[in-house]
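Peer 1: Supplied in structure tokens, the structure appears directly below.
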Amino acid sequence: MMVGSRRFFFVLVILILAGAVLGPGRVVAQEFECRVTLNYQKLQGSDYTYLDELRTEIEEYLNERRWTEDRFEEFERIDCTFQIFIEEAVSLTSFRARLIPAIRRPIFGTTQSTTVAQFNDAEWQFTYAQGTPLIYDPERFDPLTSMLDFYAFVLLGYDYDTFSELGGTPHFEKARRIAERAQSFGAAGWSQLSGDRGRTQLITQLLDPRFRPLRKAYFDYHFNGLDHFVSATDRARTATLSTLQELNILIQSLGRQYAIDLFFSAKFQELPFLFEGSALSSQAYGLLVELDPSHLSDYNMLVQ
């Protein structure tokens, strides 16, 4: 395997530690293994079954393109989903939709995976006519493909951040350029005024130096915590607790922020199981209820 980034350095180290053998002749694959669903049940009247074709087009668009300069082996492909809900047909070919992209990452030493990030974007308007090919052109704004490109690079950024500190920066930068181009067109959902949980707010926060502790937390949590949980459980728990303490300092400094809340919306079901029955459970509980009070009922298992 040719190493194109720090991400692969960490994958290689973990595979070697696990005793994996990388044989010759591996097929180089694209980055994503993405499953796309498209639900248009809310639409009535005209025949919109041709949107099934769009689902296939989007899946091929995401999975058959090389998004980075790095070389991925088949087993390294990034597990992601794009759920699309068509909310309204503005015309026969113009639609208002909700997009829910999500990304998962394997937990090394196990057969399990973990959700790294999931977004719920309700401000998507695009046009699609039957038989229209989806063309990748990062220098041109298109309401359909630019949205796909934006979240593809955001997901890549999150994935790379879990394998090396701030490793996702080049991909987040590409997402920011897409957002800036969209803003210059006044496109729906891209404005700074689209709310404090819009896509422009998201990418602004991810690239703000003040949020670096959050991005480093993604690496510490996944690499030093989850990836070592089986082989060094106590050390992994201590590292995870330290990550939560760093996030607590960040929240005290910046307050509740969209990018920070996304961490807990992805991890709230997982976090209590990491500390359950351990000597750190009470300390972890105290931190979690302060950091993420909206999921108090999930964290209560640590004190029951």
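The values are calculated or read from the model by the stated rules, or taken from the named source; none is laboratory data. Quantities reported herein were computed from a predicted structural model and do not represent experimental measurements. Note that each Cβ is placed from the backbone with ideal geometry, even for glycine, and that neighbours are counted across all protein chains shown.
Peer 1: Does segment 282-291 include one or more residues that are of a type in the set (S, T, N, Q) and under 24 Å from Leu156 (Cβ atoms)?
Peer 2: Quick first cut of segment 282-291, residues of a type in the set (S, T, N, Q) only: 282-283.
Remaining after also requiring under 24 Å from Leu156 (Cβ atoms): none.
There is no residue in segment 282-291 that is of a type in the set (S, T, N, Q) and under 24 Å from Leu156 (Cβ atoms).
Peer 1: Could you grab me the full set of residues in segment 259-304 that are surrounded by fewer than 19 Cβ atoms within 10 Å (Cβ to Cβ), hydrophobic (A, V, I, L, M, F, W, C) and either touching a His at 6+ places or on another chain (Cβ under 8 Å) or under 22 Å from Pro101 (Cα atoms) (or both)?
Peer 2: Selection gives Phe264, Phe268.
Peer 1: Next question, about the same structure. Just one of the numbered conditions (1) of a type in the set (D, E, K, R); (2) crowded, with 16+ Cβ neighbours inside 10 Å; (3) part of a loop (DSSP other than H, G, I, E, B); (4) not assigned by TED's automatic domain parsing to the domain that holds Val116 is not true of Arg256; which one?
Peer 2: Checking Arg256 against (1) of a type in the set (D, E, K, R); (2) crowded, with 16+ Cβ neighbours inside 10 Å; (3) part of a loop (DSSP other than H, G, I, E, B); (4) not assigned by TED's automatic domain parsing to the domain that holds Val116, the one that fails is (2).
Peer 1: For residues that are among the small types (Gly, Ala, Ser) and touching a Ser or Thr at 6+ places or on another chain (Cβ under 9 Å), scanning just segment 125-171, find the one that is nearest to Glu60 (Cα to Cα). I'd like the intermediate steps shown before the answer.
Peer 2: Step one: list which residues in segment 125-171 are among the small types (Gly, Ala, Ser), which gives 129, 131, 146, 152, 157, 164, 167-168.
Subsequent filtering for residues that are touching a Ser or Thr at 6+ places or on another chain (Cβ under 9 Å) retains 129, 157, 164, 167-168.
Values: Ala129: 17, Gly157: 21, Ser164: 28, Gly167: 26, Gly168: 23 Å.
My answer is Ala129.
Peer 1: Among the listed residues Phe185, Phe223, identify the single one that is within 18 Å of the chain's Cα centre (by Cα) and among the aromatic types (Phe, Trp, Tyr).
Peer 2: Numbers: Phe185 fails: within 18 Å of the chain's Cα centre (by Cα).
From the options Phe185, Phe223, the qualifying one is Phe223.
Peer 1: Here's a follow-up. Within the set of pairs 6+ apart or on separate chains, which have a first residue in segment 171-193 that is closer than 23 Å to Arg215 by Cβ, a second that is assigned to a loop (DSSP other than H, G, I, E, B) and β-branched (Val, Ile, Thr), and C-beta atoms under 8 Å apart?
Peer 2: Listed pairs, sorted by first residue: His171/Thr68.
Peer 1: Name the single residue that is farthest from Phe275 (Cα to Cα) among those in segment 206-227 being in contact (Cβ under 8 Å) with a residue 40 or more places away in the chain, surrounded by fewer than 20 Cβ atoms within 10 Å (Cβ to Cβ) and of a type outside the set (A, V, I, L, M, F, W, C).
Peer 2: Filtering segment 206-227 for residues that are in contact (Cβ under 8 Å) with a residue 40 or more places away in the chain, surrounded by fewer than 20 Cβ atoms within 10 Å (Cβ to Cβ) and of a type outside the set (A, V, I, L, M, F, W, C), the one farthest from Phe275 (Cα to Cα) comes out as Arg210.
Peer 1: Additional query: Would you be able to say whether some residue in segment 214-226 is of a type outside the set (Asp, Glu), in the same structural domain as Met301 (by TED's automatic domain parsing) and not in a helix (DSSP H, G or I)?
Peer 2: Taking segment 214-226 and keeping what is of a type outside the set (Asp, Glu), we get 214-219, 221-226.
Within this subset, residues satisfying the condition of being in the same structural domain as Met301 (by TED's automatic domain parsing) are 214-219, 221-226.
Now restrict to residues that are not in a helix (DSSP H, G or I): none.
Within segment 214-226 (the criterion being of a type outside the set (Asp, Glu), in the same structural domain as Met301 (by TED's automatic domain parsing) and not in a helix (DSSP H, G or I)), the answer is no, since none of the residues qualifies.
Peer 1: Right, next: So, in segment 173-195, how many residues would count as being under 19 Å from Glu31 (Cβ atoms) and buried (at least 23 other Cβ atoms within 10 Å of the Cβ)?
Peer 2: Of the residues in that region, 2 qualify.
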